[in-house]
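Contents: one structure, followed by commentary.
The values are calculated or read from the model by the stated rules, or taken from the named source; none is laboratory data. Since this is a predicted model, take the numbers as computed values, not measurements. For neighbour counting, all protein chains shown are included, and Cβ atoms are generated from backbone atoms with ideal geometry for every residue, glycine included. When the accessible area is computed, the model is the full protein with side chains, heavy atoms only, and any ligands, DNA or RNA have been set aside. Shrake-Rupley method; radii C 1.70, N 1.55, O 1.52, S 1.80 Å.
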Amino acid sequence: MKPVIYIASSNAHKIAEFSQMFLNAGLDFEIRSCSEIPDWKSPPENGNTFCENAFIKAEALFQKVPPGAYVMADDSGISVDALGGAPGVMSARYAGENGPDADAKNNEKLLRELEGVPDHKRSARFICSIALITPEGERKNFEAKFEGQINRKAAGLRGFGYDPLFYLPERGMTSAELSAEEKNSISHRGKAFAMLAEFLKQKNNQH
């Protein structure tokens, strides 16, 4: 029987991205979304770090899933040097509450905040922290970064969130212009997931 893993996200983009990563890593897991849990309510993400927020979600979901299931949650966002690390843990709610047009509003606000900031001072990084809880209750954290800078306008249709503004100088394009395969191999989420995949492979080989 396939091991089951519940992901503490109702973001369809994120679930699809993680499902593809499991497939690419050769991990034969049954992927479930937290939206399949009838009385699931996402807890307030009031941690000071991405790691704390990831575990807030993972712990809450772990209380609800059937015995024998894994739980994973990620918290990620963008940290801009010229803004002292903002939006940081507030990335999803930077321009207000997380609604259907939140991505566009967040990107507009970020561009406004950086008006007049020269290119060489627009350095930024995506950070992803993945929390994993095993069926036995073991807790693991995997964290990675993705360096780039904030473009002056959006470009690319493939990504979500801040991807259309996140420019990669060495590639001459934004992360929203990368193919899914390219993005997953170099992104913060891809790199954090690679560490998680290695752990899961070792763990499942032990049984």
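Miscellaneous remarks
- Counting only protein heavy atoms and using a 1.4 Å probe, the accessible area of Met195 comes to about 80 Å².
- When a 1.4 Å probe is rolled over the protein heavy atoms, the share of accessible surface on region 106-157 that falls to carbon and sulfur comes to 47 percent.
- In this label model, Glu97 and Asp81 are separated by 3.7 nm, measuring between points 7 Å along each Cα→Cβ vector.
- When you filter the GluC sites (Glu not before Pro) in region 119-188 for DSSP loop state and at most 16 other Cβ atoms inside 10 Å of their Cβ, you are left with Glu136, Glu138, Glu170.
- Phi angles across region 152-164 convert, under the Karplus curve 6.51 cos²θ - 1.76 cosθ + 1.60 with θ = phi - 60°, into 3J(HN,Hα) values of 7, 8, 6, 8, x, 10, 8, x, 9, x, 8, 3, x Hz, Gly and Pro given as x.
- Once the 1.4 Å probe is applied to the protein heavy atoms, region 96-140 comes out at 54 Å² accessible per residue.
- Low-density loop cleavage sites - trypsin sites (Lys or Arg not before Pro) in region 132-179, where at most 15 other Cβ are within 10 Å (DSSP): Arg152, Lys153, Arg158, Arg171
- Integer Hz, Karplus 6.51/-1.76/1.60 couplings in order for region 26-38, x for Gly and Pro: x, 9, 8, 10, 8, 8, 10, 9, 4, 5, 7, 8, x
- Net length available on complete extension from Ala155 to Met195 is 11.4 nm, with 0.36 nm assigned per residue and the Cα-Cα distance removed.
- Two-decimal Rg to Rh for region 110-207 - Kirkwood Rh, Cα set: 1.10
- Angle between the chain longest axis and helix 12-24 axis [Cα atoms, degrees, rounded to 10]: 60 degrees
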